[in-house]
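Working notes for the structure below.
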Amino acid sequence: MEYKITNYKENIDWIDIKTDSNIEARLCTFGASVYSLKVFNENVILSLKDTEEFLNCPQYFGKTLGRVCGRIKSKGYINDNTYSLPPTLNYDYTLHGGDLNSLSFKNFTYVIKESKNSIKVIFRIVDKDFSNGFPGKARINVIYEFSNIKPILKIRFKGKANKDTLMNLSNHMYFNFNNDYDLLDYYFKMNASKYGVTDENVFIIDTKDVPPYLDFNKMSKIKPRLKAIESSLLKTIDNTFIFNEVNKKKPQVSLKNKHIRLDLYTDYPSMNIYLDNSLTPVKFINRDDFSLRRGIALEPQLFNYDFNSLILNKGEKYDHFITYKFKKLD
């Protein structure tokens, strides 16, 4: 196991990790983010060619999302106190904690801790009172732990604030195994029978049973669902699903192609899935000729429709995890 620190500019550092368990990663202090991730010497996430574009791209490639990921009303109440967040575009919601002013675009400090079996990179930030509209000075840690025994990455999110506030942290890596042209031949499984129904503003307005074309309770190929997915309001998978149960010992999500399988474990109760169909004009180290669906973002999180679950009361501890276990299939 080894790591290397390289200063990029000002206080922004790259942290390169290489384990004996066939994981190579490049982390960045800006956004407490993952720039690149390789397992079994294969890329497993999308990585932008232009590092400056990576830092500032509004698609959140590999970034920590917060203080609140997803969409919440830009104005409302936290217990008996009002809050006011900057709205996204002309909508009455705020996306991912405030777009380009969110935690995704702030620099974190860090420490590195090594042991025989793992290496931890602990990113830390003190977010000021009313930073981007969120009340309370919040101390937030984002901890990346790489196993040196098995190809496993665990992200742990910890937080605490001196006022009642809102918190819902996640990560926005886009998965693509082996630089695949598209993800339509991928197989997907998800332990979820409910999802959040959205309106034309892509804001969750209700919770209903998952429709057949989004039912992945059994391992299913994405491609046969495509026609129904494309005729839906969102034109792609960009939905928040509620897990049937919170089970820390069983994978909530599995994703695989012919070569690699990812099993995702989490104690979060829900997950937003975004099958990227934007084809934004950015270039990747993976390849230059991507098809329409080049990556899938798996974002475990608290369920924003259950607004009270987002409230972190003064002095309470926020503590959640996401674990990614990789397996080589050939």
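Readers should treat all values here as calculations from the given coordinates under stated rules, not as data from a laboratory. Here the structure is a predicted model, which is why all the values come from computation and not from measurement. Cβ: placed from backbone, ideal geometry, glycine included. Neighbour counts: every protein chain shown.
Could you give the alpha-carbon Rg of the chain over 2.2 N^0.38 Å, rounded to two decimals?
Cα Rg divided by the expected 2.2 N^0.38 Å: 0.94.
Decide, for segment 62-214, between rounded, prolate and oblate: order the square roots of the alpha carbon gyration tensor eigenvalues as a ≥ b ≥ c, take rounded if a/c falls under 1.5, and otherwise choose prolate if a/b is larger than b/c, else oblate.
oblate
Quick one: length gained pulling Leu184 to Val111 fully straight, 0.36 nm per residue minus the C-alpha distance?
22.3 nm
How much net charge surrounds Val126 when only other residues with a Cβ under 12 Å from its Cβ are counted (Lys, Arg +1; Asp, Glu -1)? Don't skip to the answer; put the middle values down first.
Details: positive: Lys106, Arg124, Lys128, Lys137, Arg139, Lys160; negative: Asp127, Asp129.
After counting each charged neighbour, the total is +4.
Once you have a ≥ b ≥ c as the square roots of the Cα gyration tensor eigenvalues for segment 247-330, tell me rounded if a/c is under 1.5, and otherwise prolate or oblate according to whether a/b is larger than b/c.
Note, shape of segment 247-330 comes out oblate.
With unit charges on the beta carbon (Lys/Arg positive, Asp/Glu negative), name the residue among Asn239, Phe146, Asn277 whose Cα is farthest towards the positive pole of the charge dipole of the chain.
Working it through, the farthest residue towards the positive pole turns out to be Phe146.
Karplus couplings for segment 212-224 from phi (6.51 cos²θ - 1.76 cosθ + 1.60, θ = phi - 60°), rounded to Hz, Gly and Pro as x?
3J(HN,Hα) across segment 212-224, in whole Hz: x, 6, 10, 8, 10, 5, 10, 4, 9, 7, 6, 4, x.
In the chain, with Lys and Arg counted as +1 and Asp and Glu as -1 at Cβ, which of these residues, Asn286, Ile204, Val121, has the Cα nearest the positive end of the dipole, that is, farthest along it?
It is Val121, whose Cα lies furthest towards the positive end.
Quick one: of Lys49/Lys327; Lys120/Lys314; Lys158/Lys256; Lys150/Lys189; Lys9/Lys106, which pairs are farther than 19 Å apart, Cα to Cα?
Pairs exceeding the cut-off: Lys49/Lys327; Lys120/Lys314; Lys158/Lys256; Lys150/Lys189.
Quick one: Cys28, Cys69, fewest Cβ neighbours within 10 Å first, how do they rank?
By the 10 Å Cβ count, ascending, the order reads Cys28, Cys69.
Quick one: net charge around Ile237, please, counting Lys, Arg +1 and Asp, Glu -1 for every other residue with C-beta under 11 Å from its C-beta.
Net charge in that neighbourhood comes out at 0.
Would you grab the residues whose amide H sits under 5 Å from the one on Ile78? Only those 5+ places off in sequence or on another chain, please, with H modelled 1.01 Å from N.
It is Tyr83, by chain and number.
Relative contact order of the chain: what whole-number percent is it, with Cα pairs under 8 angstrom and at least 6 residues apart?
18 percent
Based on the Cβ-Cβ distance of Leu292 and Tyr3, what FRET efficiency does E = 1/(1 + (r/R0)^6) give at R0 = 25 Å, to the nearest 0.05?
Numbers: r = 37 Å, r/R0 = 1.46.
According to the calculation, E is roughly 0.10.
Amide H neighbours of Gln301 under 5 Å, counting only residues 5+ apart in sequence or on other chains, H built in-plane at 1.01 Å?
Counting only residues 5 or more places away or on other chains, the set is Ser270, Met271, Asn272.
Which ordering of Glu52, Glu24, Glu230 is given by a fewest-first count of other beta-carbon atoms within 10 Å?
In order of increasing Cβ crowding within 10 Å: Glu52, Glu230, Glu24.
Kindly write out, for segment 280-291 in residue order, the coupling ³J(HN,Hα) from the Karplus curve 6.51 cos²θ - 1.76 cosθ + 1.60 (θ = phi - 60°), rounded to whole Hz, with x marking Gly and Pro.
4, x, 10, 10, 10, 6, 5, 5, 9, 10, 4, 7
Let me know the Rg and Dmax you get for segment 130-254 when you use only its Cα atoms, in Å.
Gyration radius and largest Cα-Cα distance of segment 130-254: 17.9, 50 Å.
Debye calculation, C-alpha points only, no solvent: report log10 I(q)/I(0) for segment 6-100 at q = 0.13, 0.19 Å⁻¹, in the same order as the q values.
-0.58, -0.92
Using Cα springs under 10 Å in a Gaussian network model of the chain, which residue among Lys227, Lys160, Lys248 shows the largest mean-square fluctuation?
Evaluated over the chain, the most mobile residue of the options is Lys227.
Along segment 76-82, what does the Karplus equation 6.51 cos²θ - 1.76 cosθ + 1.60 (θ = phi - 60°) give for ³J(HN,Hα), rounded to whole Hz, x for Gly and Pro?
Per residue, the Karplus-derived 3J(HN,Hα) values read x, 10, 10, 6, 9, 10, 7 Hz.
Might you report the magnitude of the Cβ-based charge dipole of the chain about its Cα centre, with Lys and Arg at +1 and Asp and Glu at -1, to the nearest 20 debye?
Magnitude of the dipole: close to 940 debye.
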